[in-house]
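Every number in this text was worked out from the coordinates using simple rules, so none of it is lab data. All of these numbers come straight from a predicted model, not from anything done at the bench. Neighbour counts are summed over all protein chains in view; Cβ atoms, including those assigned to glycine, are modelled from backbone coordinates with ideal geometry.
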Amino acid sequence: MPISLLLFAAVALAFCTYLGYGLVKLLVPRERHEHEGLFAPLLGYVFLLLVGYYSVRTVLNLRQALLLAAGLGTLLNGVALWLRRGERLHLNLRAHGEAYLLAAVAFLLGVLPLLSYGYITTIGENWDPENYLPVAEYLVRVPVKGIAAMPPSPLRDLNAHPPRIGLTLGFSIAQGMWQQLVGWDALRSFAPTLAVLRALTVLATYLLFRRTMRMERWGAFLATGLVCLHAQLLWLAFLNFGMQVSSLPLVPLGLVLLADAVRHADLRSVVATSVAVAAIPVSYYPALTVFVPMAAALGLAQLLSSRKWTSGLLAGLGAAAGSLLLAWGTVLDYQQGFAFRYSIPKTTLGLTRMIAGVEILGLTPFGVQAEAVPAFLHALQLVAAWGIAGLSLLALVRCRTRWLWLATVVPGALYLLWLRGTLAGTLAFFRAQGFPIGAALLRRAQPYPYAFMKGAVYVAPFFMGLGVQGLFALPLPRRRRGTVWATAAALGALLVGLVGWSCGRVIARYSDRPALFDQELLQVEQSLPLIEPGAPVYLTNRPERAGPVTGLLAYFLRDHPLRGAVSTGYSGMSDCRPGEAFPYALLDHRDNPYVLGLSLEDRVWQGGGMALYRRDPAQRTFLDLRQGNCAGQHAEPALAQTPLAGQLLALSGPCRKVAPDTPLYLYVGGESLALEPLPWDEPASGTLLLAWVSLAESPGLLHWDDGAAEELQIPTGFSIYRTPLHPSARRVEVTAGGPGQAALCWAAVREDKEQPGWLSVPRAIAFLSRTEAQDTSLVIEIRQATPEVRVLRATLEVWENTYSGAAHYAWWGPLSLPRNGAVQLRVDLAAREARWLLDGQAMPLPPHGGAEAWPPIRDGSYFVSLWIHEAEQAIPVAQFQVVQGTVQQLTALPSDPLPLYVRPLDTAAAVHFGDMLELVGYEFRRAPLAAGETLPVSLEWRCRGPMPVNYVVTLQVVGPGRLFGQVDVPLGGQGHPTTTWKRNETVREDLPLGVEPGAPRGHYRLIVAVYDPATVERLPVVGPEGQVLGDAVDLGEVIVRR
């Protein structure tokens, strides 16, 4: 992998240098050729952005734009070679080799976490890859206007023209161009592209310090090195801020070229400046808010120090006009997407604080939440910050370039003061005095922490550069020269040490594992070759997958029309075609495939917590009858903006009740199945499948329009009925009655000659929870029905309805539910007290951990859910508000019978513990984990006979010579001990096994045993084929990373 990353960087930079050669030779005069090697990749990058932008904004895709850029670059190179008589590019390594070295270091720092992972993925937790990845792939194939014609997907709709989110195209253009050169996709090229842009930023910053600010060689080297190691700049790349990172090389480059244009007042410099500045809004509009005042002040400073006032002024105005002309397309784009997304509402990203000065200077690790540092380090940071301030003043006093520094630092400081809100009070004062200051301007002058953080990235290099300039401007009196040198060395070492330490802390924070897309999730790519090109795919709506994970799955499936209610981080969609038997479904491995007309036999791949199902081609049509679950392809987008919305989305609506007074009519054709009459030529030629859920055995009746009738006895639980062939029938009336509240979940037409009758659905359960709300109390009646002897456990959870730091109000359970029958749960939310009633007996149910474990609640919106452990399903039952510490507006949510599914665990065992207990299956996460982490382990047991002892199960992580983790719990928990188990009863246990914080990196074994707590004697273990295994079972390997 390191070789492939270096190859990506080398190819990207070589291509930019190739494109920039002709521009350098044509636009940089021969007498100023000493920096040609630095200019070439930067101007080539600018050329790439502009050609790519106007290509994709018109009629070309990035494949064609790459060829166009290469062709135009070759043409310019040919002209330059002819005019310069074959003159080579002057890299001048002897004078500027340190700049290239720092660029290489910048790239290496940007990919260090990937080297730690051992695979290429995105690094940080920001959700923006949801935009960047599909846009790069889309633009490789189509221009911007063609995105809307790509297969249905929330990612397509998010970024179609005009986009629903503000996305400038510069980063995606660079990424799409470079990934084509090495044959990668957007997921693999994303982080390396950010790292390459960091390398270009270092080159541009060195060029600015050396050429424009006229710093000495080693002063420019030190200042650029501090920028290379700057913690906030590195964090910006790690957190996936592609647009801003793509603009970072352009701001210093634009300032360099503008200073040249004003100083020398020649046409070639004006053209070069226009081209470079025009690329800034292609990459990131807000960069102009800091570039324009800096450029104006720097141009004025250059103008005042020049004798060519008139020509210099004309050159500056010409550069501005040329930039506006070349960037005209971006001006039009601004109002269509970006302005709405970023200029009207204020983005926060969870940052509600103004970042500190030591963070701006890169002297402390950066993060959304400030990182605590030891007191002595904080003292050193303050010393370094005040040292930079003192050195900056010294530089302004002693350096001849003081006006150039003032022209950049003062506008930068005023820019930050504006974003900090410091100017708001001044504007309000002048407005009160009658000055014409509008409310819009006053609103924009209010504190904006997020913009302040992002703006500081542009200004920080100038603060650091000015401090270094002062360091090299220290007076050197003869008598104290050694003291001054020692002081300068100590200050320099302190700056490099603190900045380097901060950089290392940020790298370490992201080196353990990727924040979003780890190797386990990336396994989903293995399933893609199994899907036919262009085939529709139903995508999971599991709440745990909603957000950026679903965004990545949608990215993987970008070539396939998506079906279902799909909620990504920034967007969502609801697309269901009634009657369409979508051929594939990519589901969470905990999802119930049977409610989609699929079965375990249809599963063709499993990995990364996901499973791919391929529908049997014999099933020609599928009609989802769950209410609200198939509202058509133009339904409102599905957005899980709150946890409650996500749980309701995943629940997918109740099955459709049918009764004698409310029958259901199905219209069946050769290739059609609908709820309303539709024209067709041929009657049905296959059998009709009907999926039912019922809490008790119930009678049902089918009336066909060919005169035939079928009487059904609908079983308890979830079941599927296959009708006989009715070759001439086109309509069937479906009714049901009895106490079971039978409901119809789906219907399908299957082309086969199988015998009619009931199809068994193993591990399926009918579940109902009915809730009544009164004042601050809830009464919840829970019923389940299943033909199997299976124990379900339920936990009542109360959460704050937010994704941002949600408070856990309380939870009760788990409760073991009766197999057939009802249990009642009474909860007083205000008092946090609960009781449960079973068989007429009321028992108190304390909250988990006791009442003292739950702190006073804060005001907000809350919801109540039942978590069914074995089915791994959350069922919302109520919602309420907390106002001034009191529960208000308690509302019960409607409920109907639901089909639940208890999936088999990943690994089958069939291991016997004594004569009474069988371990049916188990599963645990196979991915490496860190020391101190908790490993969730699930075990499924079956009772083979009465047990006289309440046994205890022990899970252990065994390493060399001793245990590195252990958990011992009573089998079945306190509420369902083994002495109460019945023959053939199945019980599932979910155990949290903690690995010791000090466990060294390595490979361990996970073992399970069962023992009598009175004697600590373990039960003997016998394998599936009768082999004696001792007194414990080895479940597999546990890998500890560090």
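Under 5 Å from the amide H of Leu845 lie the amide H atoms of Ala834, Arg835, Trp836, each residue being 5 or more positions distant or on a separate chain, with H modelled from the backbone and absent for Pro and chain starts.
Of the residues Leu644, Ala261, Phe241, the one whose Cα sits farthest towards the positive end of the charge dipole of the chain is Ala261 (charges of +1 on Lys and Arg Cβ, -1 on Asp and Glu Cβ, taken about the Cα centre). Eigenvalues of the alpha-carbon gyration tensor of the stretch 656-759, scaled by 5 and square-rooted, set the equivalent ellipsoid semi-axes at 22, 14, 11 angstrom, largest first. Working note: 222 nm ellipticity from helices only, DSSP H runs with n ≥ 4, each -39,500 (n - 2.57), summed and divided by the residues of the chain, gives -12000 deg cm²/dmol to the nearest 500. For the stretch 932-1042, relative contact order (Cα pairs under 8 Å, six or more residues apart, normalised by length) works out to 31 percent. Among beta bridges identified by DSSP and lying wholly in the chain, the antiparallel ones come to about 95 percent.
Dipole magnitude for the chain: computed about the Cα centre from +1 point charges on Lys and Arg Cβ and -1 point charges on Asp and Glu Cβ, it is near 6340 debye.
Proximity of backbone amide H atoms, modeled 1.01 Å from N, is registered between Glu788 and no other residue at under 5 Å, excluding neighbours fewer than 5 places apart on the same chain. Taken along the Cα-to-beta-carbon direction at a fixed 7 Å, the label points for Leu349 and Glu34 span 3.8 nm. Hey, what angle do you get for helix 481-511 against the long axis of the chain, alpha-carbon based, 0 to 90 degrees rounded to 10? For 481-511 against the chain, the angle is about 20 degrees.
Would you mind getting me the FRET efficiency between Glu544 and Thr980? Use the beta-carbon distance for r and R0 = 35 Å, nearest 0.05.
0.65
Dipole orientation for the stretch 840-940: of the candidates Val882, Trp854, Ala930, Val882 has the Cα lying most toward the positive pole (charges on Cβ; Lys, Arg +1; Asp, Glu -1).
So what's the angle, to the nearest 10 degrees on a 0 to 90 scale, between helix 402-420 and the longest Cα principal axis of the chain? The answer is roughly 30 degrees. Cross-link reach is defined here as a Cα-Cα straight distance under 20 Å, omitting same-chain residues fewer than 8 places apart; for Lys145 the aspartates and glutamates meeting it are Glu130, Glu137, Asp157, Asp333, Asp559. If you take all other residues with their beta carbon under 12 Å from the beta carbon of Phe221, and give Lys and Arg +1 and Asp and Glu -1, the sum is 0.
Starting with the highest mean, order 584-595, 942-953 by the number of other Cβ atoms within 10 Å, averaged over the residues of each peptide.
For the peptides 584-595, 942-953, the packing ranking is 584-595, 942-953.
Rounded to 0.05, the FRET efficiency of the Ala104 and Gln627 pair, given R0 = 51 Å and the Cβ-Cβ distance, is 0.25. Select from Val658, Ala489, Phe863 the residue farthest towards the positive end of the dipole of the chain; place +1 on Cβ of Lys and Arg, -1 on Cβ of Asp and Glu, and compute about the Cα centre. So the residue we want is Ala489.
Using 0.36 nm times the number of residues separating Leu528 and Asp1034, minus their current alpha carbon distance, what extension gain do you get?
This chain segment gains 178.8 nm when fully extended.
Cβ screening of the chain for cysteine pairs under 4.7 Å finds these without a partner: Cys16, Cys228, Cys399, Cys503, Cys943.
Under 16 Å from the Cα of Lys982, which aspartates and glutamates turn up, not counting those fewer than eight places away in the same chain? Reachable aspartates and glutamates: Glu788, Asp915, Glu918, Glu940. Residues whose amide H falls under 5 Å from that of Leu1035, counting only those 5 or more places apart or on a different chain, are Leu1006, Ile1007, Val1008, with hydrogens built in the peptide plane. Angle of helix 250-264 to the longest C-alpha principal axis of the chain, folded into 0 to 90 degrees and rounded to 10: 20°. The alpha carbon gyration tensor of the stretch 2-491 gives principal lengths a ≥ b ≥ c with a/c below 1.5, which makes the shape rounded.
For the stretch 71-87, backbone phi angles converted through the Karplus equation (6.51, -1.76, 1.60; θ = phi - 60°) give residue-by-residue couplings of x, 5, x, 5, 4, 5, 5, x, 4, 5, 4, 5, 6, 9, 6, x, 5 Hz, Gly and Pro being listed as x. Shape class of the chain from the Cα gyration tensor (axes a ≥ b ≥ c, square roots of the eigenvalues): prolate, since a/c reaches 1.5 or more and a/b is larger than b/c.
Please give the net charge around Leu239, taking every other residue with its beta carbon less than 15 angstrom from that of Leu239, where Lys and Arg add +1 and Asp and Glu add -1. Net charge around Leu239: -1.
Placing dummy labels 7 Å off each Cα toward the beta-carbon, the span from Ala927 to Gln755 is 4.7 nm.
Using the Cα centre of the stretch 911-1042 as the reference point, and only Cβ charges (+1 on K/R, -1 on D/E), how large is the resulting charge dipole? Debye, rounded to the nearest 20.
340 debye
Give the cross-link partners of Lys25 among the lysines, using a straight C-alpha distance below 19 Å as the criterion and excluding same-chain residues fewer than 8 apart. Correct list for Lys25: empty, as no lysines qualify. Would you mind classifying the stretch 61-128 by shape? Square roots of the alpha carbon gyration tensor eigenvalues, ordered a ≥ b ≥ c; an a/c under 1.5 is rounded, otherwise it is prolate if a/b is larger than b/c and oblate if not. Oblate, because a/c is 1.5 or more while a/b does not exceed b/c. In terms of packing, defined here as the mean over residues of other Cβ atoms within 10 angstrom, the peptides 388-401, 701-714, 205-218 line up highest first as 205-218, 388-401, 701-714.
What does the net charge come to around Leu1019 if you take all other residues with beta carbon closer than 13 Å to its beta carbon, with K and R at +1 and D and E at -1?
-3
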